[in-house]
Amino acid sequence: MKTINNKHRILILGASGFIGQALYKELCGYFNTYGTYCVDNKAFSKNQHYFQYNMEEDDIFEILEIVKPTIIISAVRGNFSAQVIAHHHIAEYVVANNSKFIFLSSANVFDAYSKFPSYEDDKTLSHSMYGHFKIKIENMLLRLPKRNYAIIRLPMVFGAQSPRIQEIKFFLKEKSPIEVFPNLIMNVTTDTKVTQQIHYIINQKKSGIFHLGSTDLVHHDDFFKEIIASLGVINPVFKQVFTSNDDRYLAVLSKTNTLPKNLELLSHDILTELEV
Ligand SMILES: NC(=O)c1ccc[n+]([C@@H]2O[C@H](COP(=O)([O-])OP(=O)(O)OC[C@H]3O[C@@H](n4cnc5c(N)ncnc54)[C@H](OP(=O)(O)O)[C@@H]3O)[C@@H](O)[C@H]2O)c1
């Protein structure tokens, strides 16, 4: 039987989203776990552990005061300036209360480097708005004492309920072409693996920068074709998109802040998980 560990009160921002919801399910049986949602939702409004929060209108301090979290996980999307202000407030709370801030970042913090995969201590550089924004929040966290933060850099996250898989299924149903990027070399992961890895990081009081992706690399087009085959579909239509003449890497590999072997994954494991 699971027993709730009262040592931690966890607040997940974006607990109604794809990864946030998976994290809530993974952690709520073990810790006092709370979450936020933004868009009106009957099921969440009835759950006393969920708070409605719109970062463009509400002050996160109010929820922090009520929940008094020892760990805050940021799994939100939304307006970049509003996110910067909210994350700044959380950083202040974290230092004042000696708690921990777990921030879901992205492989895009390296999207200006295309020649190699990236490791934890590599310098970040991005050419995209999204990557720039993630770097800004990362830099805010990097100024905190190391014990107070964990930066989780994620590649594309797949899962049966992931928006990506839902979109692929929708295009297949509509017989619309599915875009693939033959020059893109990446690593990948699943919501189930990411949530187990974050659970481990919490239990073991780990901090710093983590690269949570498969240990192997895949070509975007090959991987999407394999996913579609694993869904049992034959003769799908693809649209090949070439963004450069050369191969381009968007991959976050781990060298210094590794997790135990049983928490690693290979891209093939994702296909097995998605198989019909
Ligand atoms: N999914 C991936 O492949 C991937 C890869 C790399 C990094 N990440 C990062 O992981 C995090 C979670 O991604 P996801 O794919 O799970 O996102 P998602 O499914 O789109 O969920 C986004 C969450 O943010 C909430 N939200 C949206 N606008 C908001 C606002 N104005 N105020 C407050 N909350 C708001 C949503 O609430 P509602 O549900 O109520 O709208 C939802 O809970 C993001 O930071 C993303 O950058 C994801």
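The values are calculated or read from the model by the stated rules, or taken from the named source; none is laboratory data. Everything quoted here is computed from the prediction, not taken from an experiment. Neighbour counts run over all protein chains shown; Cβ positions are idealised from the backbone, glycine included.
Is it true that residue 109 is over 22 Å from residue 56 (Cβ atoms) and among the hydrophobic types (A, V, I, L, M, F, W, C)? Walk me through how you get there before you give the answer.
Details: over 22 Å from residue 56 (Cβ atoms): yes; among the hydrophobic types (A, V, I, L, M, F, W, C): yes.
The answer is yes for residue 109.
Quick check on residue 71: is it closer than 20 Å to residue 154 by Cβ and either within 12 Å of the ligand (Cβ to nearest atom) or surrounded by 20 or more Cβ atoms within 10 Å (Cβ to Cβ) (or both)? Quick ask: steps written out before the conclusion?
Values: closer than 20 Å to residue 154 by Cβ: yes; either within 12 Å of the ligand (Cβ to nearest atom) or surrounded by 20 or more Cβ atoms within 10 Å (Cβ to Cβ) (or both): yes.
Considered against the rule, which asks whether it is closer than 20 Å to residue 154 by Cβ and either within 12 Å of the ligand (Cβ to nearest atom) or surrounded by 20 or more Cβ atoms within 10 Å (Cβ to Cβ) (or both), residue 71 comes out as yes.
Among the residues of region 114-133 satisfying the criterion of being in contact (Cβ under 8 Å) with a residue 24 or more places away in the chain and more than 14 Å from the ligand (Cβ to nearest atom), which is surrounded by the fewest Cβ atoms within 10 Å (Cβ to Cβ)?
115
Would you confirm, using the coordinates I've provided, whether residue 94 is under 20 Å from residue 31 (Cβ atoms) and part of a loop (DSSP other than H, G, I, E, B)?
On the way: under 20 Å from residue 31 (Cβ atoms): yes; part of a loop (DSSP other than H, G, I, E, B): no.
No, not satisfied.
Name every residue in region 25-68 that is β-branched (Val, Ile, Thr) and within 13 Å of the ligand (Cβ to nearest atom), in order of residue number.
The first filter runs over region 25-68 and keeps only residues β-branched (Val, Ile, Thr), leaving 33, 36, 39, 60, 63, 66-67.
Across region 25-68, the qualifying residues are 36, 39, 60, 63.
So residue 206 passes all but one of these: (1) basic (Lys, Arg); (2) closer than 25 Å to residue 16 by Cα; (3) at pLDDT 95 or above; (4) surrounded by fewer than 22 Cβ atoms within 10 Å (Cβ to Cβ). Which condition number does it fail?
(2)
Among the residues that make up region 54-69, is at least one of them modelled with pLDDT of 95 or more, polar (S, T, N, Q) and in contact with a Phe, Trp or Tyr (Cβ under 9 Å, 6 or more places away or on another chain)? Lay out the reasoning, then the answer.
Filtering region 54-69 for residues modelled with pLDDT of 95 or more gives 54-69.
Next, from what is left, pick out any that are polar (S, T, N, Q): 54.
Next, only the ones that are in contact with a Phe, Trp or Tyr (Cβ under 9 Å, 6 or more places away or on another chain) stay: none.
Checked against the condition, which is being modelled with pLDDT of 95 or more, polar (S, T, N, Q) and in contact with a Phe, Trp or Tyr (Cβ under 9 Å, 6 or more places away or on another chain), region 54-69 yields no hits at all.
Take region 209-232 and flag every residue that is of a type in the set (Val, Ile, Thr), outside any helix (DSSP H, G or I) and surrounded by 16 or more Cβ atoms within 10 Å (Cβ to Cβ). Walk me through it before giving the result.
The first filter runs over region 209-232 and keeps only residues of a type in the set (Val, Ile, Thr), leaving 209, 215, 218, 227-228.
From what's left, outside any helix (DSSP H, G or I): 209, 215, 218.
Passing the criteria: 209, 218.
Residues in region 43-51: is at least one in contact with an Asp or Glu (Cβ under 9 Å, 6 or more places away or on another chain) and in contact (Cβ under 8 Å) with a residue 12 or more places away in the chain?
First, pick out the residues of region 43-51 that are in contact with an Asp or Glu (Cβ under 9 Å, 6 or more places away or on another chain): 51.
If we keep only those that are in contact (Cβ under 8 Å) with a residue 12 or more places away in the chain too, we end up with 51.
There is at least one residue in region 43-51 that is in contact with an Asp or Glu (Cβ under 9 Å, 6 or more places away or on another chain) and in contact (Cβ under 8 Å) with a residue 12 or more places away in the chain.
Could you tell me which residue of region 134-180 is farthest from the ligand (Cβ to nearest atom), considering only residues that are surrounded by 19 or more Cβ atoms within 10 Å (Cβ to Cβ) and in a loop (DSSP other than H, G, I, E, B)?
159
Every residue in region 47-65 that is assigned to a helix (DSSP H, G or I), over 24 Å from residue 199 (Cβ atoms) and out of contact with any helix residue (DSSP H, G or I) (no Cβ under 7 Å at 6 or more places or on another chain), please. Break it down stepwise before answering.
Residues of region 47-65 assigned to a helix (DSSP H, G or I): 60-65.
Filter again for over 24 Å from residue 199 (Cβ atoms), leaving 61-62, 65.
Correct list: 62, 65.
For region 5-41, give me each residue that is in contact with a Leu (Cβ under 9 Å, 6 or more places away or on another chain), without any contact (Cβ under 8 Å) to a residue 60 or more places away in the chain and part of a strand (DSSP E or B).
33, 34, 35, 36
For region 9-46, how many residues are touching a helix residue (DSSP H, G or I) at 6+ places or on another chain (Cβ under 8 Å) and either among the basic types (Lys, Arg) or at pLDDT below 95 (or both)?
Here is the first cut: in region 9-46, the residues touching a helix residue (DSSP H, G or I) at 6+ places or on another chain (Cβ under 8 Å) are 9-16, 18-19, 22-23, 25-27, 30-31, 33-37.
Keeping just the survivors that are either among the basic types (Lys, Arg) or at pLDDT below 95 (or both) gives 9, 25.
Here the count works out to 2.
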